Amino acid sequence: MVEGKTGERVLRWGRLERSEHIHLVIAAAFLMVTGAALLFYRVAELRWIADMLGGIAAVRVLHRVFGALLIAVVVVHLFTRIVVRRLRSKMWPTVKDMRYFFAVAANHLGWTEKLPPKEVLGFFDPIAKFNYWVVGVVGLTLQIGTGLVLMEPDWFPWIPASMRGWVLLLHSLGFLFGLIWLTFHVAFSTLFSEYRPLVEAMFGDGTVPLEWVKEHLPGWYEELEKSKA
Amino acid sequence: MYDSTKCIGCRACQVACKRWNDLPAEKTSLSPDWTNPPDLSPVTWNYIRFVGKNGENGFEWHFVSVRCMHCVDPPCARACPVGAITKYEEGPVVINQEKCIGCRYCVAVCPFEVPRYDKATGKVYKCHMCYDRIKEGLEPACVATCPTGALSFGDRETLLSRARERASTVNGYLYGADEIEKGTSVFIVTKLPPAELGLPDAPKTYPLYLSIREYVRPLTGVGVAAVLLLAGLRVLFTRKREVAEKSGGE
C-alpha cells in the first residue's frame, strides 16, 4: 500500500488499489447479476433478469466475459504483490486482529454496545483483513476454481463426473455467501458515516483526512507521526 | 425393461437407435472385450457392454444395455438451469434441444453418467426413449427391434412386477427399482451383481448436493433481506443513541 501525506490528508489507496477495486466492482456486479439470472432462470417471476440481458445464452457468455475480467484482476494483483512487492504487506493477519474482528462483529450484531480499544487498528483494520483473506482470497479462489470446472470440465479430467455435482453446489453456495457479503459490504460502507471517508477515498483521489485517521485508525496515525518525526 | 439374461449381444438395439434418430456411425476400433462402440457419445445413445466371466460352465458372456435410466425424479431435470429437461408421464426424460444451453449441469449430476456434451453443437444429448414414437403409440425403436424379447416397453408398475418376478426366477438381480430414491423408468434384470456388469453403484437416496442446492435460491433472498434489515436496525439504533446522548448532554 502506498502511504504519504498530502496536506491534511493522507494517501490511503494508491492508483493500483483504486484501479483494482473499480475493476473488481465491475466484474463482481456483472457476475452477480448474470449469476442471479442463471440461478433464478427457472423462477418465472425472475426470468426478466435474463431476458433483459439478451436471453439465457447471452447471459452465459456475459458471465464468462466478466469471469475473465475477474481472473485478470486477480492475476495483476498476484503479480504486483508477489513479484513487484515481494509479499511485503500490512495485510497479514494477527491474533489481535482476530480478537478485534469478533468483538466488532458482536457489536454490529447488537450483542454488545462495547467496542474494543482502537489502538490495535493499524493501516488495515481487522475487518479489511477479513474481507481480503476470507472473501477475497478464499472466496474468489473457490468461485474461480469451481467456475472453471463448470465452464470446461475437460480441462480437469482428474475431477470425476460424480464430483461435479458438488462443484456445482459449491459454486452456488459461493454465490449465496458472495451476494450476502456484498450487500453487507455496500450497506455498511454507505450507511455509516464512520466509513464514508474510506469510500470517498476509494472512488476519489485515494486520500483520507488525517483527523479521521487519528480517530479511527490510531495505529496507523501513530506510524504516520513516527515517520514524520 | 431390459432382461440381460435374454440378451444375445446382437446390437440390433444400437443400430435401431441410430437409424430411428438419424445418428451417424462412429469410427471405432475392436476392443478386447468386444464392446463396440466402447462408450456413449453425443451420437451413440445406447450400447451393449460385453462382460466375459468364468462361471460354473466355463467362460460365459454377459451383456448389459447401457443407456439413460429415465429416473422417476431425474436429478438432471432438477439441475437444468433453463428447464430444458422434462420427465414425461409415460416415463421418458427428454432434453429439449432448442432450450439446451450446453451448461453440462445435467452431465455433472447424472448418477449414471449418461448425458454427453457435443462440442460442435454446444448441446447435450442422450436417449429420449423414442418419445416421438411413444406419442404415436409405438414402442421405442430398440424395443421394436430386439429379436429375443430382452427389451420390453409398457406401464412402469406392470414392468416392475414383471422384472421382480423375472429376477427371482433367474435367481438374479433387479437394477433400477429403488435407485435415486424413487427408482428409474428402466429396469435391468441381471444374473450377475449389477456392479460386476459395470453398472454404476447409483445412490439409493437423492443426491445430497442437489437437495442442499435447492435451498440456495430462497436462502439468498433471506440472507440479503436479513443483512439489509440488520443495517437498517443498526442505523436506527445509532441515531437513537446519538439523539439520546445529545439530549442528555443538553
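Values quoted throughout were computed directly from the atomic coordinates according to the rules given, and no laboratory measurement underlies them. Not measured: the values here are computed from a predicted model. Neighbour counts run over all protein chains shown; Cβ positions are idealised from the backbone, glycine included.
Observations on the structure shown:
- Using the Cβ-Cβ distance between residue A:25 and residue A:137 with R0 set to 25 Å, the FRET efficiency from 1/(1 + (r/R0)^6) comes to roughly 0.90.
- Antiparallel bridges, percent of DSSP beta bridges restricted to chain B (to nearest 5): 90
- Longest site-free stretch - chain A; sites: trypsin sites (Lys or Arg not before Pro), DSSP loop, at most 11 other Cβ within 10 Å: A:115-229
- Chymotrypsin sites (Phe, Trp or Tyr not before Pro) restricted to DSSP loop in the stretch B:59-155 with at most 14 other C-beta within 10 Å: none
- Principal axis box of the protein assembly as shown, alpha-carbon based, largest edge first, Å: 96, 49, 46
- In this simple spin-label approximation, residue B:30 and residue A:225 carry label points 7 Å from Cα along the Cα→Cβ vector, and these lie 9.0 nm apart.
- For chain B, taking a cut-off of 4.7 Å between Cβ atoms, the unpaired cysteines are B:7, B:10, B:17, B:71, B:80, B:100, B:103, B:110, B:130, B:146.
- Fewest neighbouring Cβ atoms within 10 Å first, the residues A:163, B:129 line up as A:163, B:129.
- In chain A, the DSSP-assigned H stretches of four residues or longer account for a calculated mean residue ellipticity at 222 nm of -20000 deg cm²/dmol, using -39500 (n - 2.57) per stretch and the full residue count as denominator.
- Of the chymotrypsin sites (Phe, Trp or Tyr not before Pro) found in the stretch A:65-111, those in coil by DSSP whose Cβ has at most 10 other Cβ atoms within 10 Å are A:111.
- What the phi angles of the stretch B:116-124 give under the Karplus curve with 6.51, -1.76 and 1.60, with θ = phi - 60°, is a coupling list of 10, 8, 10, 4, 5, 9, x, 10, 10 Hz, glycine and proline written as x.
- GNM top mover of B:12, B:231, B:177 - chain B, alpha-carbon springs below 10 Å: B:231
- Shape box of the stretch B:121-231 [Cα atoms, principal axes, largest first, Å]: 70, 35, 28
- Trypsin sites (Lys or Arg not before Pro) within the stretch B:1-84: DSSP coil, no more than 10 neighbouring Cβ in 10 Å: B:27
- Neighbouring Cβ atoms from other chains, within 10 Å of the Cβ of residues in A:180-187, number 5 on average.
- Taking amide hydrogens as placed 1.01 Å from N in the peptide plane, the amide H of residue B:151 sits under 5 Å from those of B:3, each at least 5 positions away in sequence or on another chain.
- Length gained on full extension, residue A:151 to residue A:72, computed as 0.36 nm times the residue gap minus the Cα-Cα distance: 26.8 nm.
- Based on the Kirkwood approach, the hydrodynamic radius assigned to the stretch A:45-94 is 13.6 Å, with every pair of different Cα atoms included.
- Ratio of Rg to Rh over the stretch B:168-226 (Cα coordinates, Kirkwood Rh, two decimals): 1.29
- Set against the 2.2 N^0.38 Å expectation for a compact globular protein, the stretch B:19-155 has a Cα radius of gyration ratio of 1.14.
- If R0 is 60 Å, the Cβ-Cβ spacing of residue A:112 and residue B:205 corresponds to a FRET efficiency of close to 0.90.
- Here the relative contact order of chain B, from alpha carbon pairs under 8 Å that lie six or more residues apart, stands at 21 percent.
- Amide H contacts of residue B:71: B:185, each under 5 Å away and 5 or more positions distant or on a separate chain (H built 1.01 Å from N in the peptide plane; Pro and chain starts excluded).
- In units of the compact-protein estimate 2.2 N^0.38 Å, the stretch A:137-212 shows a Cα radius of gyration of 1.63.
- Alpha-carbon centroid distance for the pair the stretch B:226-250 / the stretch B:1-55, whole angstrom: 72
- Average Cα contact separation per residue, chain A, under 8 Å, 6 or more apart, as relative contact order %: 27
- Residues residue A:58 and residue A:199, FRET efficiency given R0 of 51 Å [Cβ-Cβ distance, rounded to 0.05]: 0.95
- With the largest listed first and rounded to whole Å, the semi-axes of the equivalent ellipsoid of the stretch A:2-111 from the Cα gyration tensor are 35, 22, 14.
- Between residue B:118 and residue B:98, the simple label model (points 7 Å from Cα in the Cβ direction) yields a spacing of 1.7 nm.
- Largest to smallest principal axis extent of the C-alpha atoms in chain B, angstrom: 102, 40, 38
- Each part reduced to its alpha carbon centroid, the stretch B:136-195 and the stretch B:73-112 end up 22 Å apart.
- In the protein assembly as shown, taking the dipole from charged Cβ atoms about the Cα centre, the farthest positive-side position among B:121, B:208, A:123 is held by A:123.
- Listed residues B:201, B:73, B:178, most fluctuating in chain B (Gaussian network, C-alpha, under 10 Å): B:201
- Within the listed set B:185, B:31, B:41, the residue fluctuating most in the Gaussian network model of chain B (springs between alpha-carbon atoms under 10 angstrom) is B:31.
- Taking amide H atoms as placed 1.01 Å from N in the peptide plane, the amide H of residue A:14 lies under 5 Å from those of A:2, each 5 or more residues away in sequence or on another chain.
- Spin-label model distance (nm) - residue B:54 vs residue B:241, 7 Å beyond Cα toward Cβ: 8.0
- Phi-based couplings in Hz for the stretch A:185-201 (Karplus 6.51, -1.76, 1.60; Gly and Pro marked x): 4, 5, 4, 6, 6, 9, 7, 9, 5, 5, 9, 4, x, 5, 5, 4, 5
- Shown in residue order for the stretch B:86-99 are the 3J(HN,Hα) couplings computed by the Karplus curve 6.51 cos²θ - 1.76 cosθ + 1.60 at θ = phi - 60°: 10, 9, 8, 3, 6, x, x, 10, 10, 8, 7, 4, 6, 8 Hz (x for Gly and Pro).
- Treating each Cα of chain A as one equal point scatterer and applying the Debye formula with no solvent, the log10 of I(q)/I(0) at q = 0.09, 0.10, 0.17 Å⁻¹ comes out as -0.47, -0.57, -1.34.
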